[in-house]
Number of protein chains: 2
Amino acid sequence: LTTLEVRAPSGVCRVLVGESLDHLDRHTPPGRVIVITDATVDRLHGSSFPAGEKIVLAPGEASKSLATVEEIYGRLFEMGADRSTFVAAVGGGVVCDVAGFAASTYLRGLPFGFAATTLLAQVDAGIGGKNGVDFRGYKNMVGVFQQPRFVLCDPDVLRTLPPREIANGLAEMVKTAAVGSPALFDELESRPGQALALEPDLIRRAVHESLRVKAAVVGSDEREAGPRRVLNFGHTLGHALEAAAGLAHGEAVAAGMAFAASFSVRKGFLAARERDRIAGLLDRLGLPAAAAAPAVALVDAVRKDKKRGGEAVHFVFLETIGRPLVREIPLAELETAIHDLR
Amino acid sequence: LTTLEVRAPSGVCRVLVGESLDHLDRHTPPGRVIVITDATVDRLHGSSFPAGEKIVLAPGEASKSLATVEEIYGRLFEMGADRSTFVAAVGGGVVCDVAGFAASTYLRGLPFGFAATTLLAQVDAGIGGKNGVDFRGYKNMVGVFQQPRFVLCDPDVLRTLPPREIANGLAEMVKTAAVGSPALFDELESRPGQALALEPDLIRRAVHESLRVKAAVVGSDEREAGPRRVLNFGHTLGHALEAAAGLAHGEAVAAGMAFAASFSVRKGFLAARERDRIAGLLDRLGLPAAAAAPAVALVDAVRKDKKRGGEAVHFVFLETIGRPLVREIPLAELETAIHDLR
């Protein structure tokens, strides 16, 4: 067990790397705890939950909605939850995002923590204090910034993940490496098979390194006014692909990173050889390195993306692996690049 | 125009006392502004709004709901609002509460400010960074703490208020006086008729003094972990009366204050003479000093009230006018007092 801290205006989050899900109750405060999870996680890991009350959501991306938030409010209301009740969300990104938002707003904020059960949630979704839901088919349109008290990351629970979910998490790990850790990039590049097989030592080190980079970035800029934007590498087109092509988050981000790398080469920021390393690693991890959606649908989806400010967009380029470059570019330039580079 | 500042963890709010609604656009940042209001305020004061886009809600307490929040999200989505869009809520407590919550959560937070058009919103609801909506008939069950950038208080717009709305606002003014300003209490006591008639000099001074007290309390304890609880004087039973008897907020708080004063006397904290001063002032302001609801319904509503923590409740007593005393008492003791004192 190693511990990292995210120190941000909305609170301090302790990230517990390598802690067992069986020990979740060591990290919740004394008093009443309500677990929020989904039916799949409950079936696989329910025996590790703290004894007591439980709200079980339907599994899947469709639960990341205002309707689910209202369902959680209703259950908390019926249970008579009060401001001393602790909410422990146990699950992947959807469970953490929706439960974190419901907890942050019920009675103007209940204390809450996460046990992240997917690789994606452990390296990305659970960390950072962003929570919320989708709206009208667009990602994360509604939410708040609020740090959980802790995020517990148990490597053992990852063993039950299907291969596609593992690749999903590895995509965000590649992203973090690309913008903040050349050493992690090198390691993934040299051992992609072990990464896909979740070789314990590799995964433990890689999760820790991903979290170290992310915790530092989030701590310096929780509300994404500047430095945190680098974590959106691959996400401008990624979110659009999720919306327009129905890809899983990691797959969409992978295709988005390949696009961002090509765009970086076209702008003269990045060497073609570095772009090829990124595309090659994604390919060896079984991730798509190209966007399979009509350019016009992508452009429309990008226009609605929440990171957009007016008619310009903060786009994350790379200068080299490990060194991102955020530039505000006209939306029209991005649109042209989408048409040309896909 | 005088300015007060509320400095709290979620941000700094400038309170503009005596500023004209016509000057709202002097306080919004450059760039796009969307006004959120209700149909009544739009009819009475729409000509004073900044030119541009507008979301007009149905007037009344029923709009303080998750359905209205979702309606606002939908309109912001259709308008293509982004993080640089400023939301200016113009209206009473309901408009400010619901628009503040929608703005605080859309895209994880748009910048927003208020122009408070009722006496209640000017002295209480608009100030303090609490926003949110009712849920299943209970007050403020869902929301966040987030300071608006400013609250503009124009005395001239109060002239269009119906008498019941004026009494509503005066009730919160009496509350603030009772817990933090004996001088304001004396002034209201000596000139209740002028207060009801909104005599300009009196109202300007009284609004300013109410806001001064509230800004200091909120600045010291935004999330109501301690000192801010004094502002709930009269509200434990008040919220229950709103839910169970359908009283207006100010009327319910008035009856709640009379109850809290009697309870304080019964506990030996407050002299009977002081309680009589409070009941007498409420009466001269046309406010109810007794609760017109079955005790059993009140007890049930109190049990659901969000300020409750476990089986105890933080109840705000008075030692004298201007000196509150917060004590955690068993819910059972409060229930007995409700049965005995009504």
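The values are calculated or read from the model by the stated rules, or taken from the named source; none is laboratory data. Everything numeric here is computed off the predicted structure, so don't read it as measured data. Virtual Cβ from ideal backbone geometry, glycine too; neighbours counted across all protein chains shown. Surface accessibility is based on the protein's heavy atoms, side chains included, excluding ligands, DNA and RNA. Shrake-Rupley method; radii C 1.70, N 1.55, O 1.52, S 1.80 Å.
Would you check if B:VAL133 is open to solvent by 10 Å² or more (accessible area, probe 1.4 Å) and of a type in the set (Val, Ile, Thr)?
When the stated conditions are applied, B:VAL133 does not pass them.
State all residues of the range B:157-170 that are surrounded by 15 or more Cβ atoms within 10 Å (Cβ to Cβ) and within 26 Å of B:LEU1 (Cβ to Cβ); if no residue qualifies, say none.
Once the filter is applied, which keeps residues that are surrounded by 15 or more Cβ atoms within 10 Å (Cβ to Cβ) and within 26 Å of B:LEU1 (Cβ to Cβ), the range B:157-170 yields B:VAL157, B:LEU158, B:LEU161, B:GLU165, B:ILE166, B:ASN168, B:GLY169, B:LEU170.
Go through (1) in a helix (DSSP H, G or I); (2) within 14 Å of another protein chain (Cβ to nearest Cβ) for A:VAL313 and report which single condition fails.
With respect to (1) in a helix (DSSP H, G or I); (2) within 14 Å of another protein chain (Cβ to nearest Cβ), A:VAL313 is out only on (1).
Can you find a residue in the range B:211-227 that is basic (Lys, Arg), touching a Phe, Trp or Tyr at 6+ places or on another chain (Cβ under 8 Å), under 25 Å from A:SER84 (Cβ atoms) and at pLDDT below 95?
Yes, some residue in the range B:211-227 is basic (Lys, Arg), touching a Phe, Trp or Tyr at 6+ places or on another chain (Cβ under 8 Å), under 25 Å from A:SER84 (Cβ atoms) and at pLDDT below 95.
Is it the case, given these coordinates, that A:ALA99 is open to solvent by 10 Å² or more (accessible area, probe 1.4 Å) and of a type in the set (A, V, I, L, M)?
When the stated conditions are applied, A:ALA99 does not pass them.
Can you find a residue in the range B:283-306 that is open to solvent by 10 Å² or more (accessible area, probe 1.4 Å), in contact with a strand residue (DSSP E or B) (Cβ under 7 Å, 6 or more places away or on another chain), under 28 Å from B:LYS64 (Cβ atoms) and not in a loop (DSSP other than H, G, I, E, B)?
Yes.
Taking the condition touching a helix residue (DSSP H, G or I) at 6+ places or on another chain (Cβ under 8 Å), at pLDDT 95 or above and more than 23 Å from A:THR2 (Cβ to Cβ), does A:ALA99 pass?
Yes.
Would you check which residues across the range B:44-86 are of a type in the set (A, V, I, L, M) and more than 14 Å from chain A (Cβ to nearest Cβ) and list them?
Scanning the range B:44-86 gives B:LEU44, B:ALA51, B:ILE55, B:VAL56, B:LEU57, B:ALA58, B:ALA62.
Given the structure, is B:THR117 open to solvent by 20 Å² or more (accessible area, probe 1.4 Å), of a type in the set (Val, Ile, Thr) and in contact (Cβ under 8 Å) with a residue 24 or more places away in the chain?
Criteria not met by B:THR117.
Please go through the range A:188-211 and give me each residue that is among the charged types (D, E, K, R) and surrounded by fewer than 18 Cβ atoms within 10 Å (Cβ to Cβ), ordered by number.
Of everything in the range A:188-211, those that are among the charged types (D, E, K, R) and surrounded by fewer than 18 Cβ atoms within 10 Å (Cβ to Cβ) turn out to be A:ARG191, A:GLU199, A:ASP201, A:ARG204, A:ARG205.
Against the conditions (1) in a helix (DSSP H, G or I); (2) of a type in the set (Val, Ile, Thr); (3) open to solvent by 30 Å² or more (accessible area, probe 1.4 Å), where does A:THR3 fall short? Just the number, please.
Only one criterion is unmet by A:THR3, namely (1).
Which of the residues belonging to the range A:100-127 are outside any helix (DSSP H, G or I) and either among the polar types (S, T, N, Q) or within 11 Å of chain B (Cβ to nearest Cβ) (or both)?
A:TYR106, A:LEU107, A:ARG108, A:GLY109, A:LEU110, A:THR117, A:THR118
Do any residues in the range A:324-342 that are within 17 Å of A:LEU231 (Cα to Cα) have Cβ atoms under 7 Å from those of residues that are part of a helix (DSSP H, G or I) and among the aliphatic types (A, V, I, L, M), where the two are at least six apart or on different chains, and which pairs are they?
A:PRO324/A:VAL179; A:PRO324/A:VAL230; A:VAL326/A:VAL230
State whether one or more residues within the range A:250-263 are in a helix (DSSP H, G or I), open to solvent by less than 10 Å² (accessible area, probe 1.4 Å), in contact with a helix residue (DSSP H, G or I) (Cβ under 8 Å, 6 or more places away or on another chain) and over 16 Å from A:LEU318 (Cα atoms).
Within the range A:250-263 (the criterion being in a helix (DSSP H, G or I), open to solvent by less than 10 Å² (accessible area, probe 1.4 Å), in contact with a helix residue (DSSP H, G or I) (Cβ under 8 Å, 6 or more places away or on another chain) and over 16 Å from A:LEU318 (Cα atoms)), the answer is yes, since at least one residue qualifies.
Could you look through the range A:264-279, keep only residues that are assigned to a helix (DSSP H, G or I) and open to solvent by less than 20 Å² (accessible area, probe 1.4 Å), and pick out the one that is nearest to A:PHE185 (Cα to Cα)?
A:ILE278
Looking at the range B:298-310, is at least one residue in contact with a Pro (Cβ under 9 Å, 6 or more places away or on another chain) and of a type outside the set (A, V, I, L, M)?
Looking through the range B:298-310, none of the residues is in contact with a Pro (Cβ under 9 Å, 6 or more places away or on another chain) and of a type outside the set (A, V, I, L, M).
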